[in-house]
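The values are calculated or read from the model by the stated rules, or taken from the named source; none is laboratory data. For clarity, every value in this text was computed on a predicted model and none was experimentally measured. Backbone-built Cβ (ideal geometry, glycine too); neighbour counts: all protein chains shown.
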Amino acid sequence: MKLNQLSVFLENKPGRLSEPCKILADAGINILTISLADTQQFGILRLIVKDWQKAKTLLEKAGCVVHVSEVVAVEVEDHPGGLEKVLKAIEKAKINVEYMYAFTFRQENKAIITFRFESPDAAIQLLSSQGFKIVESSELFKRV
């Protein structure tokens, strides 16, 4: 139920963002979703790809610093208030959201949001018990 996410640490300089993307493209690895957070000196490029082990190896061979973490993909009703319903359930259970970002595609009339939870297993259990759909990697990777 959890997805492996790659976090690539990059200097905040022109051209650094395209390097990992080119490495993955040259290897035929498609990026399912991507997020970039930055500070003045560095950025964190977060990626979800189907073959994360191969991607991690290739990026590290090229000199990138890569960290693997577990995230959870949740279907969210794609209308005003849909995300708020999920967030209210999480907040009520006092589960911390460290960060989140969306996939660029939808499933039926649902958006898919990637969450990094402080306690992913507790979040999965809570959300599942309240009828929210946790999206399996096999469902997501059908699109690749």
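What the table below lists for this structure:
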| quantity | calculated |
| --- | --- |
| Checking I90 against (1) outside the structural domain of T104 (by TED's automatic domain parsing); (2) crowded, with 18+ Cβ neighbours inside 10 Å, the condition it does not meet | (1) |
| Hits in the stretch 114-124 - residues which are part of a strand (DSSP E or B) and surrounded by fewer than 21 Cβ atoms within 10 Å (Cβ to Cβ) | R116 |
| Among (1) within 15 Å of Q5 (Cβ to Cβ); (2) over 16 Å from the mean Cα position of the chain (by Cα); (3) of a type outside the set (A, V, I, L, M), the one test that K85 misses | (1) |
| Residues (surrounded by 14 or more Cβ atoms within 10 Å (Cβ to Cβ) and not in a helix (DSSP H, G or I)) located in the stretch 38-62 | F42, G43, I44, L45, R46, L47, I48, V49, K50, D51 |
| Pairs where the first residue, in the stretch 78-100, is of a type outside the set (A, V, I, L, M) and the second is assigned to a loop (DSSP other than H, G, I, E, B), C-beta under 7 Å, 6+ apart | D78/N109; N96/E118; E98/E118 |
| Subset of the stretch 98-113 [among the β-branched types (V, I, T) and surrounded by 15 or more Cβ atoms within 10 Å (Cβ to Cβ)] | I112, I113 |
| Matching residues, the stretch 35-65, being without any contact (Cβ under 8 Å) to a residue 24 or more places away in the chain and aliphatic (A, V, I, L, M) | L36 |
| Residue that is nearest to Q125 (Cα to Cα), among those in the stretch 71-113 that are of a type in the set (G, A, S) and in a loop (DSSP other than H, G, I, E, B) | A93 |
| From V135, V71, V65, V76, residue being buried (at least 18 other Cβ atoms within 10 Å of the Cβ) and either touching a His at 6+ places or on another chain (Cβ under 8 Å) or farther than 15 Å from L3 by Cα (or both) | V76 |
| Any hit, the stretch 2-22, residues being of a type in the set (K, R), surrounded by fewer than 21 Cβ atoms within 10 Å (Cβ to Cβ) and touching an Asp or Glu at 6+ places or on another chain (Cβ under 6 Å) | yes |
